[in-house]
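**Student:** Right, I'll just put the structure down here and ask away after.
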Amino acid sequence: SGQPPGKPELIRCRSPEKETFTCWWKPGSDGGLPNNYIFFYNKEGEDEFHECPDYTTAGPNSCYFSKKHTSIWRTYNFTIKAMNEIGSTASDSYYVDVANIVQPDPPENLSLEFEKKVYGEYLLLKWSPPLLGDLRSGWLTLDYELRIKPEEGQVWEKIFVGHRTTYKMYSLNPGERYVAQVRCRSDHGLWSDWSPKSYIKLQKDVRVKD
Amino acid sequence: SGQPPGKPELIRCRSPEKETFTCWWKPGSDGGLPNNYIFFYNKEGEDEFHECPDYTTAGPNSCYFSKKHTSIWRTYNFTIKAMNEIGSTASDSYYVDVANIVQPDPPENLSLEFEKKVYGEYLLLKWSPPLLGDLRSGWLTLDYELRIKPEEGQVWEKIFVGHRTTYKMYSLNPGERYVAQVRCRSDHGLWSDWSPKSYIKLQKDVRVKD
Amino acid sequence: CQVSLGDLFDRAVKLSHYIHSLSAEIFNEFDERYTQGRGFIAKAVNSCHTSSLTTPEDKEQAQQIHHEDLLNLVLSVLRSWNDPLLHLASEVRRIKEAPDTILWKAVEIEAQNKRLLEGMERIVGRVHPSDLGNEVYSRWPGLPSLQLADEDSRLFAFYNLLHCLRRDSNKIDNYLKLLKCRLIHDSNC
């Protein structure tokens with residue numbers, strides 16, 4: 001007995017650095033039988049279809065496109081086919097432009113330091129760009145956004161800081177314990193996840209002008 | 001009596017908009033006699049030498065090359081000859097490609113305004129490109145860099161802002177008087193001089209969320 | 001569903017800008033480290049393998065040339081650099097104590113040049129499809145000189161190649177910015 005497989009669905013495609021990318025799909029119902037999947041694609045302006053070059057690197061139900069298979073000049077058209085003994089079911093067609101699915105990894109090494117200068121006291125936040133694997137991709141220009149709040153506070157204060165990787169915060173409450181995070185995006189792509197939280201406890205007597 | 005002139009030296013060549021350029025030289029010792037100078041050049045791919053087309057437009061000890069005499073991506077070879085009654089002395093040979101001597105004029109009209117929006121308060125810096133230079137056709141493209149500091153502070157904070165001509169500065173100390181400047185460069189060329197300084201005094205009670 | 005011509009040009013210009021800045025950096029780094037004071041600039045005259053390709057040399061010439069011809073010129077110059085960049089990336093390893101920053105840039109320029117070539121073929125295919133067939137480019141005869149035993153001659157060969165790369169990558173970047181403004185923004189960037 002058994003049924004043909006349910007319709008698979010493309011969930012997400014992501015490129016961390018505009019040089020490679022990965023797509024993930026969600027299987028439909030398995031019809032009570034073992035299924036396997038074939039991930040087809042063709043590129044804009046090409047007739048012939050190709051099969052996914054690498055089903056394993058990015059884990060189950062995924063297709064990984066290495067540099068060699070990644071082009072920012074053409075849209076990709078994907079279809080996923082689920083098959084079992086009874087029959088097969090194809091997903092809808094999906095179109096993806098690699099430049100529009102860039103979501104970098106979060107920035108690294110967010111540090112918070114209190115500094116006292118002649119002209120003012122402030123909290124200095126510093127971070128570094130995501131590592132992007134072995135690629136020192138210099139042509140990915142990143143913008144950053146910070147968020148900070150008193151640890152017990154509910155509302156995050158968000159600050160867009162553009163290309164910079166340091167930021168001075170003047171108006172903070174002495175004695176307060178603060179938590180901060182930073183994220184990044186390329187051009188108008190998708191924001192990365194927030195970095196891990198970083199904390200700082202400001203001494204009580206510190207006079208942070210506000 | 002008198003001596004032959006000392007060896008003249010090419011000091012600098014500059015193109016403000018990648019369409020014309022000027023070179024300046026420094027005379028050697030004059031040997032106690034009146035000297036005059038001949039500025040020779042030839043262009044890559046040409047054998048014959050030419051004389052400076054315009055000794056006057058750019059002031060003393062200079063040679064100005066109008067559009068008609070300016071080629072980009074071709075190496076110019078310059079020699080300056082100093083002469084007086086006793087004899088003459090030639091400078092070393094100098095080699096210049098106009099593509100590598102582009103130094104724009106500084107940006108214009110730098111303005112600083114404090115703005116209060118729902119999502120935050122910030123200092124809005126705005127400027128316009130130098131008048132000289134054809135950005136509209138794409139022949140010249142400029143990158144900008146800002147610097148800002150508290151008027152009494154010692155350390156400038158530098159911010160590279162790419163092609164944009166506005167910038168929002170969030171992290172500022174309320175009640176402080178700030179000074180800012182902006183400069184520009186074409187592609188990988190030479191930075192212009194800094195623009196004249198612009199100032200702003202932030203009101204005391206202003207809570208610049210920073 | 002296609003990548004728009006405007007997006008193609010945006011990506012091409014971002015890439016050509018990046019390639020030129022890498023080319024300027026690798027030239028400066030190499031010159032500072034290996035060829036200061038050797039007067040190589042005097043010999044590096046009329047010595048680029050692409051000089052047979054007649055390219056515009058000032059704004060008026062660049063604006064008078066038809067956009068299809070300028071696009072094809074960019075394509076020809078890019079194709080002319082495929083071979084030398086391939087060998088540069090491998091031969092630069094043999095330079096004495098070549099720093100990692102020079103090695104990495106040589107590899108990155110070669111990879112990004114290939115990528116820009118793919119993009120330009122895409123753009124030309126869109127703007128003037130019939131033109132893609134004619135593969136005009138300048139052959140590069142310089143490999144033997146990169147492998148010469150005499151160090152001075154070999155260093156000059158590298159110097160000359162990097163000098164020409166900086167020049168041609170600047171040309172390509174400039175022409176693409178002009179073409180983008182002309183074709184996408186009606187010459188009103």
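The values are calculated or read from the model by the stated rules, or taken from the named source; none is laboratory data. Please read all numbers here as calculations on a predicted model, not as lab measurements. No Cβ is skipped: glycine too gets one built from the backbone with ideal geometry, and neighbour counts run over all protein chains shown. These accessible areas exclude ligands, DNA and RNA; they are computed on the full protein's heavy atoms, side chains included. Shrake-Rupley method; radii C 1.70, N 1.55, O 1.52, S 1.80 Å.
**Student:** Checking C:V74 against (1) open to solvent by 30 Å² or more (accessible area, probe 1.4 Å); (2) touching a residue at least 24 places away in the same chain (Cβ under 8 Å): exactly one of these is not met. Which one?
**Tutor:** (1)
**Student:** A further question on this structure: Determine which single condition C:A111 fails, assuming it passes every other condition in (1) within 14 Å of chain A (Cβ to nearest Cβ); (2) open to solvent by 10 Å² or more (accessible area, probe 1.4 Å); (3) in contact (Cβ under 8 Å) with a residue 12 or more places away in the chain; (4) of a type in the set (G, A, S).
**Tutor:** Result: C:A111 fails condition (3) only.
**Student:** A further question follows. For C:N46, state whether it is farther than 30 Å from A:F78 by Cα, more than 14 Å from chain A (Cβ to nearest Cβ) and in a helix (DSSP H, G or I).
**Tutor:** no
**Student:** Looking only at the range B:37-96, count every residue that is open to solvent by 30 Å² or more (accessible area, probe 1.4 Å) and not in a loop (DSSP other than H, G, I, E, B) and tell me the total.
**Tutor:** Count: 16.
**Student:** What do you reckon, is A:N100 without any contact (Cβ under 8 Å) to a residue 24 or more places away in the chain, more than 14 Å from chain B (Cβ to nearest Cβ) and within 18 Å of the chain's Cα centre (by Cα)?
**Tutor:** No, not satisfied.
**Student:** Among the candidates C:L148, C:L103, which residue alone is away from chain B (no Cβ under 14 Å), without any contact (Cβ under 8 Å) to a residue 40 or more places away in the chain and outside any helix (DSSP H, G or I)?
**Tutor:** Criteria check complete, one pass: C:L148.
**Student:** Of all residues in the range C:114-145 being loosely packed, with under 13 Cβ neighbours inside 10 Å and assigned to a helix (DSSP H, G or I), which is modelled with the highest pLDDT?
**Tutor:** C:P144
**Student:** Can you pull out the residues in the range B:88-125 that are under 18 Å from B:D143 (Cα atoms), in contact with a Ser or Thr (Cβ under 6 Å, 6 or more places away or on another chain) and among the hydrophobic types (A, V, I, L, M, F, W, C)?
**Tutor:** Residues satisfying the conditions are B:I101, B:V102, B:L110.
**Student:** While we're here: Report, by residue number, each residue of the range C:175-189 that is in contact with a Gly (Cβ under 9 Å, 6 or more places away or on another chain) and either facing chain B (nearest Cβ under 7 Å) or free of Cβ contacts under 8 Å to residues at least 60 places away in the same chain (or both).
**Tutor:** Matches in the range C:175-189: C:K177, C:L178, C:K180, C:C181, C:H185, C:S187, C:C189.
**Student:** Report, by residue number, each residue of the range C:1-28 that is touching a helix residue (DSSP H, G or I) at 6+ places or on another chain (Cβ under 6 Å) and either surrounded by fewer than 16 Cβ atoms within 10 Å (Cβ to Cβ) or of a type in the set (G, A, S) (or both).
**Tutor:** Result: C:L5, C:A12, C:S16, C:S23, C:A24.
**Student:** Collect the residues in the range C:31-61 that are over 17 Å from the mean Cα position of the chain (by Cα), open to solvent by less than 70 Å² (accessible area, probe 1.4 Å) and in contact (Cβ under 8 Å) with a residue 60 or more places away in the chain, keeping them in residue-number order.
**Tutor:** Result: C:D31, C:Y34, C:T35, C:F40, C:I41.
**Student:** Kindly indicate whether any position in the range A:132-146 is surrounded by fewer than 17 Cβ atoms within 10 Å (Cβ to Cβ), touching a Phe, Trp or Tyr at 6+ places or on another chain (Cβ under 7 Å) and not in a loop (DSSP other than H, G, I, E, B).
**Tutor:** Checking the range A:132-146: not a single residue is surrounded by fewer than 17 Cβ atoms within 10 Å (Cβ to Cβ), touching a Phe, Trp or Tyr at 6+ places or on another chain (Cβ under 7 Å) and not in a loop (DSSP other than H, G, I, E, B).
**Student:** If you go through the range B:169-194, how many residues are assigned to a strand (DSSP E or B) and either surrounded by 16 or more Cβ atoms within 10 Å (Cβ to Cβ) or within 14 Å of chain C (Cβ to nearest Cβ) (or both)?
**Tutor:** 10
**Student:** Right, next: For the condition more than 14 Å from every other protein chain (Cβ to nearest Cβ), in contact with a Phe, Trp or Tyr (Cβ under 9 Å, 6 or more places away or on another chain) and more than 22 Å from B:Q181 (Cα to Cα), what is the one hit in B:G59, B:G87?
**Tutor:** Going through B:G59, B:G87 in turn, the sole match is B:G59.
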